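The values are calculated or read from the model by the stated rules, or taken from the named source; none is laboratory data. Computed from a predicted structure; not experimentally measured. Cβ: placed from backbone, ideal geometry, glycine included. Neighbour counts: every protein chain shown. In case anyone asks, the SASA skips ligands and DNA or RNA and just uses the protein heavy atoms, side chains included. Shrake-Rupley method; radii C 1.70, N 1.55, O 1.52, S 1.80 Å.
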Amino acid sequence: MADYKSLYQEVILDHNKKPRNYGTIAHASHHADGENPLCGDHISVTLKLDGENIAAIAFEGESCAICKASASMMTAAVKGKTCADAEMLIREFRDMVTGKLEPAASDHIGRLAVFAGVRDLPSRVKCAILPWHTLHAAFSSVASASTEAEDDPMRTLIGSA
Ligand code: ZN
């Protein structure tokens, strides 16, 4: 795990310094705002679908470093993919950060495996998962998502930290 930890810090720093796909997409077909009140993370995700493919995606907001790095890596990971592939990655990422999936058991997680360590930091799980959660809300045409909303689908899955 020592290697993962230093890689984790390196990746978080890199994506905070140079977030990928930061901003908003003009004429977005889907968008959602997500918040994690426990940490104070707010992010908004906009994307444009071309048929089933994610032609463009961007995020912006005020969040902690873990949330921002996760959002940055998420946009890079799902850009050009189909919605179905992105939904599968959302499920695998969620399972990985909640300890239900070992990164090595997935063919899709790739460098996102650096976030596997947050499973040992319960207060950070929601920071890492928020962007994914918000992307899921955008696909479902739910305009806003909160890790703390009673009827939030992700909340039942993650539970309260
Ligand atoms: Zn956070």
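Going through (1) more than 16 Å from the ligand (Cβ to nearest atom); (2) out of contact with any helix residue (DSSP H, G or I) (no Cβ under 6 Å at 6 or more places or on another chain); (3) at pLDDT 95 or above one by one, G61 falls short only on (1).
Please go through segment 114-136 and pick out each residue that is open to solvent by less than 10 Å² (accessible area, probe 1.4 Å) and either away from the ligand (no atom under 16 Å from the Cβ) or farther than 27 Å from H30 by Cα (or both).
First pass over segment 114-136, keeping only residues open to solvent by less than 10 Å² (accessible area, probe 1.4 Å): 114-116, 118, 126-135.
Those that are open to solvent by less than 10 Å² (accessible area, probe 1.4 Å) and either away from the ligand (no atom under 16 Å from the Cβ) or farther than 27 Å from H30 by Cα (or both): V114, A116, V118, L135.
Taking the criterion of being over 15 Å from the mean Cα position of the chain (by Cα) and modelled with pLDDT of 75 or more, the residues of segment 141-161 that qualify are S141, E148. Of the listed requirements (1) within 16 Å of the ligand (Cβ to nearest atom); (2) open to solvent by 60 Å² or more (accessible area, probe 1.4 Å); (3) in contact (Cβ under 8 Å) with a residue 40 or more places away in the chain, K79 misses just one: (1).
Of the residues that sit in segment 1-54 and are of a type in the set (G, A, S) and touching a residue at least 12 places away in the same chain (Cβ under 8 Å), which one is farthest from the ligand (Cβ to nearest atom)? My answer is S29.
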